[in-house]
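Enquirer: I'd like to ask you about the structure that follows.
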Amino acid sequence: MKIAIYPGSFDPVTTGHLNIIRRSAKIFDRLIVCVMVNAGKDPMFSLEERCEFLRRVTADIPNVEVDFSSDLLAEYARRKGSCVIVKGLRAGSDFENEFSMAMINHRINQSLDTMFLTAEHEFMYLSSSAVKELGSYHVDLSGLLPEQIIPDFEERIQSIQGGNRS
Ligand code: ADP
């Protein structure tokens, strides 16, 4: 059975992420979408919320499961019996960073390879941080975030902005 891991921060999951998930789920027998705990980042949504959003938007894809981990990715993959990491590549910015991470992961775990799926045109410039920026100006997020999570996202933006108003 070919098991792949799709790691990220997913803060929150965007339609760009979901596009990569759907395409990789067709290639592999099992896809584990893993929310990586990154102490350096200050996320908008908790780990539990990010996992719950991912479960909600992937509920119709039977071979996808959602998990989280604070382990080194190469160790996590070994533990899960996976030898493939899936990454999405957007225009320009992702390449340098992803290339060096792929090399490091392979060095730590020789049986681990990274496969890149190029972002589709409409998602090429989409990132969670862009969505958060647009959301703070109340731009319509249809097409950028999965419909199922837009109300939760807008609610969070409102509560953050309400809290900052005092
Ligand atoms: P972001 O950069 O949006 O904060 P993550 O750190 O959660 O996203 O990214 C997880 C993975 O998803 C990375 O491999 C990243 O390159 C990929 N990815 C993010 N957004 C897109 C997109 N719009 N299209 C394709 N891949 C993407």
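Enquirer: Can you give the local net charge around GLY143? Use residues other than it whose beta-carbon is closer than 14 angstrom to its beta-carbon, Lys and Arg +1, Asp and Glu -1.
Expert: With Lys, Arg at +1 and Asp, Glu at -1, the neighbours total -4.
Enquirer: Another question, then. On a straight-distance basis, which lysines could pair with LYS80 in a cross-link, Cα separation under 22 angstrom, same-chain partners fewer than 8 positions away excluded?
Expert: LYS2, LYS26
Enquirer: Can you classify the chain as rounded, prolate or oblate using the Cα gyration tensor, where a ≥ b ≥ c are the square roots of its eigenvalues, rounded means a/c under 1.5, and otherwise it's prolate if a/b beats b/c and oblate if not?
Expert: Prolate.
Enquirer: Also: Choose one answer from LYS41, LYS26, LYS132: the residue with the largest mean-square fluctuation in a GNM of the chain with alpha-carbon springs under 10 Å.
Expert: Among LYS41, LYS26, LYS132, the largest GNM mean-square fluctuation belongs to LYS41.
Enquirer: Relative to the longest principal Cα axis of the chain, at what angle does helix 94-108 sit, 0 to 90 degrees, rounded to 10?
Expert: Between helix and principal axis, roughly 40 degrees.
Enquirer: Excluding LEU134 itself, calculate the net charge of residues whose Cβ lies under 13 Å from the Cβ of LEU134, where each Lys or Arg counts +1 and each Asp or Glu counts -1.
Expert: Summing Lys/Arg as +1 and Asp/Glu as -1 gives -2.
Enquirer: Just want the answer: with Cβ charges of +1 for Lys and Arg and -1 for Asp and Glu, which residue in GLY162, LEU72, PHE53 is farthest toward the dipole's positive end in the chain?
Expert: Final value for the positive-end residue is LEU72.
Read-outs throughout are calculated quantities, based only on the coordinates presented, and are distinct from any laboratory measurement. Here the structure is a predicted model, which means the values were calculated and not measured. Backbone-built Cβ (ideal geometry, glycine too); neighbour counts: all protein chains shown.
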